[in-house]
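Only one structure is covered here, and it is reproduced in the block below.
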Amino acid sequence: MFRKVKSPLFYINIFFEEMGEVGLLIFRTFKNLFKKPWEKGIFIQQLEEVGVRSLPVVLLTAAFGGLVFALQTYVGFHRYIGPGSETYGGPIISLGLSKELIPILVGLMVAGRVGSAMAAEIGTMKITEQIDALFSLGADPIRYLVVPRTLACFIMLPCLTVFGDIVGIAAGFFYNVVLMGVNRVLYVRNILLYMELWDVFSGLIKAAVFGIIIALIGCWQGLKTEGGAEGVGRATTRTVVIASVLILIVNFLLSKALPANL
Amino acid sequence: MIRIVDLHKSFGGNKVLRGVNLQLRRGETLAVIGQSGCGKSVLLKHIIGLLKPDKGKVYVDGEDITLLNDEELHKITRRFGMLFQGTALFDSMTVGQNVSFGLERYTDHSKEKIHELVRENLAKVGLRGVEHLMPFELSGGMRKRVGLARAIAYSPDIILYDEPSTGIDPIRADAINDLIIRMGKEMKVSELIITHDMVSAYKVADKIAMLYEGKIIEIGTPEEIKNSKNPIVQQFIHGKAEGPIENW
Ligand SMILES: Nc1ncnc2c1ncn2[C@@H]1O[C@H](COP(=O)(O)OP(=O)(O)OP(=O)(O)O)[C@@H](O)[C@H]1O
Ligand SMILES: [Mg+2]
């Protein structure tokens, strides 16, 4: 019941060990990126799994993210600045969505949907010796499993984010203009006047980074799975937790590091 | 062809291999016997580099494979076929894709040729018309035989079998024995077989080695093993509960 309390040194040790593991995985993934044979079949399958199949949940969360964001922005302008100023909500909503909220929502959704599935699938392969079998049949597990997944996430998260942006901004428009009767022409004009392409683009850069994080954490946890079904469960949970936390931290750092406009 | 020198391996505090010395010559069939949990599968995994030893060497044609990195290892794994104890079939692929996996990566055959080889190798293990099935649709014994077909499909020159006949009915098991003998005699394949089945070991093996407490305690022809003076070997091959080997 009571686990023996380990010294902090023990945890620091584990932390550095795991950093080393991840570092090595990153290194080997990049090294294998350009090597043949190139696993096209799996790559396409992963594109579908990460992209197409995540689209419904991404669109749904983007729509509601856009709606509440619009709701509070409307309240803010209406209450603090006064009736009529709500048209300035357009660019603020669009900026907040495309730079922050949508990339994060996409990242968290895909971490839960795809990252966990990667950890579970690879973890099961690990404990049933399928990874060993891959090796013995001439397929490098990194090249065969990790590279296509990482590439697929790297490409598909920005795509999902584009769709999320469109739906989220449309939902903001719907709330303000259709539901709350904000002036349609001014609302749209303000968006076009103040939004820049870079605002959308910097969100896509973030999404691509989140994609790499999700795939690498999922594969890393999968490949180090030990100890039966319980181990697979643990790898899955840890993937979602680690990837989600990392996404939020890295998001802040990127927001700080990426220039506000070009 | 394969020479294992003073191989040591522990997991945590569990000293599994404590100085194994073993040699497999070209075209020879060697059976390794030993109690459950004594480290036979661990030994096998060292031979194709899936595990790295704590100490000791594994030479394949004079090259020490314990020093190779993954990339260099891939060049020699082509020469090996491995049947895993738990079959390790890829469960997201059909039987046909499982068997063709090595063929696609290790050979330059055309699609048609690969297709033909898949069918041929499945037939060798007594399976027909199962290419499109998924592994979970097969019985345990059928899975084992698919694993066997996958391991031999690309004509490796060294085959490692981890309990090929476990979980298979006696008639099929004997057919597999014949297959193992044929691979050795006709194709000049070197084979290492892990087995608990003494009848099969006597039938297929040129030599039998017994692994006990992390070491090879006896090696010899089936005749020599049958007539061994070592009470541990005698107890094992006759499957007696009483004797020097502790049971519990
Ligand atoms: N990856 C691993 N991590 C920790 N311990 C392991 C690992 N693999 C094997 N062992 C331990 O090594 C010992 C030998 O295992 P091995 O699978 O080689 O036995 P075996 O001789 O093949 O037995 P069996 O005939 O039942 O298959 C066991 O005690 C097992 O617990
Ligand atoms: Mg075993």
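The values are calculated or read from the model by the stated rules, or taken from the named source; none is laboratory data. Since this is a predicted model, take the numbers as computed values, not measurements. Note: ideal-geometry Cβ built from the backbone for every residue, glycine included; neighbour counts use all protein chains shown.
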Pairs, first free of Cβ contacts under 8 Å to residues at least 24 places away in the same chain in the range A:163-182, second surrounded by fewer than 24 Cβ atoms within 10 Å (Cβ to Cβ) and among the polar types (S, T, N, Q), C-beta under 7 Å, six or more apart: none
On the given criteria, is residue A:151 more than 24 Å from residue B:156 (Cα to Cα), in contact with a Phe, Trp or Tyr (Cβ under 9 Å, 6 or more places away or on another chain), surrounded by 24 or more Cβ atoms within 10 Å (Cβ to Cβ) and more than 14 Å from chain B (Cβ to nearest Cβ)? no
How many residues are more than 14 Å from chain A (Cβ to nearest Cβ), within 10 Å of ligand 1 (Cβ to nearest atom) and among the hydrophobic types (A, V, I, L, M, F, W, C) if we restrict to the range B:17-42? 4
Matching residues in the range A:101-124 (of a type in the set (D, E, K, R) and closer than 17 Å to residue A:197 by Cβ) number 0
Please work out which residue is nearest to ligand 1 (Cβ to nearest atom), limiting yourself to the range B:148-161 and to residues that are within 11 Å of the chain's Cα centre (by Cα) and within 10 Å of another protein chain (Cβ to nearest Cβ). B:160
Name the single residue that is farthest from the other protein chains (Cβ to nearest Cβ) among those in the range B:1-16 being without any contact (Cβ under 8 Å) to a residue 24 or more places away in the chain and near ligand 1 (Cβ under 8 Å from one of its atoms). B:14
Look through the range A:139-148, keep the residues that are within 11 Å of chain B (Cβ to nearest Cβ) and aliphatic (A, V, I, L, M), and return whichever of them is farthest from residue B:104 (Cα to Cα). A:142
Tell me which residues, restricted to the range B:90-99, are over 25 Å from residue B:46 (Cα atoms) and assigned to a helix (DSSP H, G or I). B:95, B:96, B:97
Screening A:31, A:99, A:40 for residues that are charged (D, E, K, R), surrounded by 12 or more Cβ atoms within 10 Å (Cβ to Cβ) and within 24 Å of residue A:113 (Cα to Cα) leaves only A:99
List the residue pairs whose Cβ atoms are under 6 Å apart, where the first residue sits in the range B:80-106 and is at the interface with another protein chain (Cβ under 8 Å from one of its Cβ atoms), the second is among the basic types (Lys, Arg) and in a helix (DSSP H, G or I), and the two are 6 or more positions apart or on different chains. B:89/B:143
Can you tell me which residues in the range B:193-208 are of a type in the set (D, E, K, R) and within 16 Å of ligand 1 (Cβ to nearest atom)? B:197
Hey, could you check the range B:43-68 for residues that are more than 14 Å from chain A (Cβ to nearest Cβ) and free of Cβ contacts under 8 Å to residues at least 24 places away in the same chain and say which is surrounded by the fewest Cβ atoms within 10 Å (Cβ to Cβ)? B:62
Looking at this structure, is residue B:61 acidic (Asp, Glu) and either farther than 27 Å from residue A:28 by Cα or within 16 Å of the chain's Cα centre (by Cα) (or both)? yes
Going by the conditions given, is residue B:205 surrounded by 23 or more Cβ atoms within 10 Å (Cβ to Cβ), within 13 Å of the chain's Cα centre (by Cα), modelled with pLDDT of 90 or more and more than 16 Å from ligand 2 (Cβ to nearest atom)? yes
Checking the structure you have, find out if any residue of the range B:174-192 is in contact (Cβ under 8 Å) with a residue 12 or more places away in the chain and within 14 Å of ligand 1 (Cβ to nearest atom). yes
Hey, residue B:200 crowded, with 23+ Cβ neighbours inside 10 Å, within 16 Å of ligand 2 (Cβ to nearest atom) and either within 14 Å of chain A (Cβ to nearest Cβ) or modelled with pLDDT under 95 (or both) or not: no
Scope the range B:107-121; condition of a type outside the set (A, V, I, L, M, F, W, C), touching a residue at least 12 places away in the same chain (Cβ under 8 Å) and part of a helix (DSSP H, G or I); matching residues: B:115, B:119, B:121
Could you grab the pairs with beta carbons closer than 8 Å, sequence gap of 6+ or different chains, first residue in the range A:117-138 and under 23 Å from residue A:36 (Cβ atoms) and within 7 Å of chain B (Cβ to nearest Cβ), second one aromatic (Phe, Trp, Tyr) and part of a helix (DSSP H, G or I)? A:137/B:101; A:137/B:106; A:138/B:106
Could you name every one of the helices (runs of 4 or more DSSP H) located completely within the range A:183-262 that has at least 1 residues being within 16 Å of ligand 1 (Cβ to nearest atom) and more than 24 Å from residue A:104 (Cα to Cα)? A:197-223, A:228-257
